[in-house]
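**Q** Before anything else, here's the structure in question.
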Amino acid sequence: MKTSAYYKSKKVAINLLVHLFLISVAITCIFPLIWMIGSSLKTQETIFRDMSLIPHKLHFENYYLAWTEGGFGKYFLNSIFYTVSVVFGIIIISSMAAYAFSRLKFPGRNILFVMFMAAMMIPIPGSFVPLYILLNKLHLRDTAIGYILCMVNVGLSTSIFLLKTFFDKMPKELEDAARIDGCSKLGIWWHVALPLAKPVLAVVVVFNALNVWNEYILALIIFDNPHLMPLQVGLARFGGEFITRYPLLMAGLTITALPIILVYIFMQKYIVKGVTQGAVVG
Amino acid sequence: MLNASYITVIALVFQNALAFLLAWACDREIRAKNWYRVIFFIPPVLSEVVVGLVWKWILDGNYGLLNGWLNAVGLSGWAHNWLSDPNLALTTVSVVHCWKGFGWGFLIFLAGLQTIPRELYEAARVDGANAWVAFKNITIPMMIPVAVLVAILTILGTMQAFVLIIAMTGGGPAYHTQVPVLRILGSIQGSSRFGYACAQGIVFGVVLIIISFVQYRFSRSRKY
């Protein structure tokens, strides 16, 4: 009896230590965010003295100022516009391409697919100089469409790979049945393949949406016009210009970070799946 | 390049050690482990600009929270100009980079740990192995492939970690946190030397592609 009590208390002690360790790391994960939100509710005068996490008086007007005066409203809408259009483009193109790679026999199929996969390995930092020059020549620099095209291209390879893996495993009988019922190839893609691929599509959507929302470097190179900039560039610009207006900056950061955190919490099942699959792909 | 290597080494060692420890701790039967998993992956989903600017504010030399706390508990000697001291800036940036990155390693390690069959541990216990021996002879050998994968992903990710640096120090003070990608950007925007920037980009791209290729071969040679 004594030994079992001993083992039990030992186990409790170990679990306690483990929890302590995990909780301390978890606090460091969340703390900067709380501090960010706390700081965004202080005024220009109190922010440098007030070290309390949650200030006594909450100044929500910072958000209003950041939205209008700081230009974050504009940046926010731009970001939403880019995210939605890029994700839409990626979904249409990559699902069609993946379906074609998986089902249709056409000359050069393998070479094309390998080219797509090779494109996945080229890092953006290695390619943005030629991209910059190309966009300049096409007069697409500093335009929304140029940025959207680039970002669609960035997300395409991985999405095609994920979807093709799924289509390869999909049973052919379903499509045969549809074909007998008189469905065209496009019809099969739309009525059979896409609905079945919903779980994979969800991973693709969530991942690309996060990616576009957080993208910084391409937007930095492409946009000169502040009216077209997405949030990330807008933030960096604001941080550079109004270096001391911390409450507004923090409000802007919160505006940028909050949608991502919300999406993450609701969609975390798909994100975890994407990470573990994506890690294998690279 | 040297600076990027420095950050990479720090990230490789500390970030992945932390990630592995956390994954190992989360792999056991404990309460609320899904909560931990959700929380640990919050920093990686945030953008580098957001992370950089928030930490810049916390680490601010004059008004930052960290120095404020250090002063409040009487450790004024420990307070530093974290981001403007040439000797410290690079380390500070590296630590923040680790903070942002460990969630990835954590998730992959956790997925790896969960593929180890429980029967192995039970067999070991029947054979009289204690926890440490089981860890040494089962967990570590089974995790080595995953660890290599995480290490390569870390190298790739860290070599390209420049947005964080733009947001936190802009390459300063006096180029002490300069990294390759920042140089390329500087060549375009600062001096418009496109040919030079292109050459830099290609050299850097080739290095990354070689690393990716090793990783690609590696993930091919092994099934998950």
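**Q** Here are some conditions: (1) in a loop (DSSP other than H, G, I, E, B); (2) modelled with pLDDT of 75 or more. B:Phe106 meets all but one. Which one does it not meet?
**A** (1)
**Q** If you go through the stretch B:109-141 one residue at a time, how many are under 25 Å from A:Ile271 (Cα atoms) and either touching a strand residue (DSSP E or B) at 6+ places or on another chain (Cβ under 7 Å) or assigned to a helix (DSSP H, G or I) (or both)?
**A** 6
**Q** Going through the stretch B:187-224 one residue at a time, which ones are in a loop (DSSP other than H, G, I, E, B), modelled with pLDDT of 65 or more and either crowded, with 20+ Cβ neighbours inside 10 Å or facing chain A (nearest Cβ under 7 Å) (or both)?
**A** Those that are in a loop (DSSP other than H, G, I, E, B), modelled with pLDDT of 65 or more and either crowded, with 20+ Cβ neighbours inside 10 Å or facing chain A (nearest Cβ under 7 Å) (or both): none in the stretch B:187-224.
**Q** Could I ask something else about it? Only one of (1) basic (Lys, Arg); (2) farther than 15 Å from A:Phe60 by Cα; (3) touching a residue at least 40 places away in the same chain (Cβ under 8 Å) is not met by A:Lys8, so which one is it?
**A** (3)
**Q** Could you look through the stretch A:95-112, keep only residues that are in contact (Cβ under 8 Å) with a residue 40 or more places away in the chain and among the aromatic types (Phe, Trp, Tyr), and pick out the one that is surrounded by the fewest Cβ atoms within 10 Å (Cβ to Cβ)?
**A** So the residue we want is A:Phe101.
**Q** Still on this model: Please count how many residues of the stretch A:95-152 are at pLDDT 85 or above, under 25 Å from the mean Cα position of the chain (by Cα) and aromatic (Phe, Trp, Tyr).
**A** So the count comes out to 3.
**Q** Give, as residue ranges, the helices (runs of 4 or more DSSP H) completely inside the stretch B:13-62 that count at least 3 residues that are within 9 Å of chain A (Cβ to nearest Cβ) and more than 14 Å from B:Val96 (Cα to Cα).
**A** It comes to B:16-26, B:33-40.
**Q** Show the residue pairs that are 6+ apart or on different chains and have beta-carbon atoms under 9 Å apart, the first residue being within the stretch B:14-31 and within 18 Å of B:His97 (Cβ to Cβ), the second being modelled with pLDDT under 75.
**A** none
**Q** Right, another one. Conditions first: (1) surrounded by 20 or more Cβ atoms within 10 Å (Cβ to Cβ); (2) away from chain B (no Cβ under 14 Å); (3) over 23 Å from A:Leu194 (Cβ atoms). A:Val86 passes all but one, so which condition is the exception?
**A** (3)
**Q** Moving to a separate point now. Inspect the stretch A:143-152 for any residue being within 22 Å of A:Ile92 (Cβ to Cβ), touching a residue at least 24 places away in the same chain (Cβ under 8 Å) and of a type in the set (S, T, N, Q) and give the result as yes or no.
**A** Taking every residue of the stretch A:143-152 in turn, at least one turns out to be within 22 Å of A:Ile92 (Cβ to Cβ), touching a residue at least 24 places away in the same chain (Cβ under 8 Å) and of a type in the set (S, T, N, Q).
**Q** Then there is this: Every residue in the stretch B:167-185 that is part of a loop (DSSP other than H, G, I, E, B), modelled with pLDDT of 70 or more and not hydrophobic (A, V, I, L, M, F, W, C), please.
**A** B:Thr169
The values are calculated or read from the model by the stated rules, or taken from the named source; none is laboratory data. This structure is a prediction, so every number in the text was calculated from the model and none was measured. FYI the Cβ positions are ideal-geometry reconstructions off the backbone, even for glycines, and counts take in every protein chain you see.
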